[in-house]
Amino acid sequence: MYRQRARIPGNCPQGFLGRYTVIPGDTFYTIAQMFRVRIEALAVNNPHIPNPNVLFPGDILCVPGLIPYPCCTSLQPRRRAPFGTGGVAYVNFGPRGGQAVSIMATLPQPQVFGDFDKYTGEIIILGTGSFRNQLFATPEDPPTWSSRIELPTAATVTPNSRVLVRPINSLAGTSGAPVLEGIILLGSCQ
């Protein structure tokens, strides 16, 4: 049986420094939509693929973005916190296109940090803004708190984006100082 050898670019042009590995069912159209670029731009920046209508699983494409996906960063305590407090933020493609940041953390009840009843997870993207969502707890003690932040397609996680977890008072609408923080670095998300 003949197997097509994966086509791998020698180098990627500026602006297309990310790498994407083709999986079964991928087309230039679906990949262009995933990365929010025109098909023509994807084709021009991948000259090692002579026919954009023919892709093979395992082919590597140059795509926009500086951070290869999926990637993750650990969330470390920013203040005095009970032993075992920590978490992780996982960045990947969102289920509806764009990107999503999933947060999972072991945290005490929010009341440990003051007059708070919930936690929020937040990603701060330099030059773009911040996006947040409420974290929800599992029933064990201490609970695992988790959430997914789906970014709008206009937003892209970049190096030095910060992920924070902070307690909030949902009735008063106030939030406390961050309990956990992680920074997405170019070399750490591989």
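The values are calculated or read from the model by the stated rules, or taken from the named source; none is laboratory data. From a predicted model like this one, the values you see are computed outputs, not experimental measurements. Neighbour counts run over all protein chains shown; Cβ positions are idealised from the backbone, glycine included. Quick note on the areas: whole protein, heavy atoms, side chains included, nothing else; ligands and nucleic acids left out. Shrake-Rupley method; radii C 1.70, N 1.55, O 1.52, S 1.80 Å.
What the table below lists for this structure:
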| quantity | calculated |
| --- | --- |
| Residues (aliphatic (A, V, I, L, M) and under 15 Å from ALA177 (Cβ atoms)) located in region 74-130 | LEU75, ALA81, LEU107, VAL112, ILE124 |
| Residue count for region 123-155, restricted to those that are open to solvent by less than 30 Å² (accessible area, probe 1.4 Å) and either under 14 Å from the mean Cα position of the chain (by Cα) or within 14 Å of SER170 (Cβ to Cβ) (or both) | 7 |
| Selection within region 1-57 - charged (D, E, K, R), within 19 Å of GLY94 (Cα to Cα) and open to solvent by less than 70 Å² (accessible area, probe 1.4 Å) | ASP26 |
| Only one of ARG132, ARG148 that is over 25 Å from VAL63 (Cβ atoms) and of a type in the set (Lys, Arg) | ARG132 |
| Within region 90-107, tally of residues that are more than 8 Å from the chain's Cα centre (by Cα) and open to solvent by 40 Å² or more (accessible area, probe 1.4 Å) | 4 |
| The one condition in (1) in a loop (DSSP other than H, G, I, E, B); (2) in contact (Cβ under 8 Å) with a residue 40 or more places away in the chain; (3) under 30 Å from LEU171 (Cα atoms) that HIS48 fails to fulfil | (3) |
| Residue check for CYS62: part of a loop (DSSP other than H, G, I, E, B) and either closer than 28 Å to ASN160 by Cβ or open to solvent by less than 70 Å² (accessible area, probe 1.4 Å) (or both) | no |
| One residue from THR120, THR158 being modelled with pLDDT under 90, open to solvent by 10 Å² or more (accessible area, probe 1.4 Å) and farther than 20 Å from GLY84 by Cβ | THR158 |
| Sole exception among (1) within 15 Å of the chain's Cα centre (by Cα); (2) at pLDDT 95 or above for PRO64, by number | (2) |
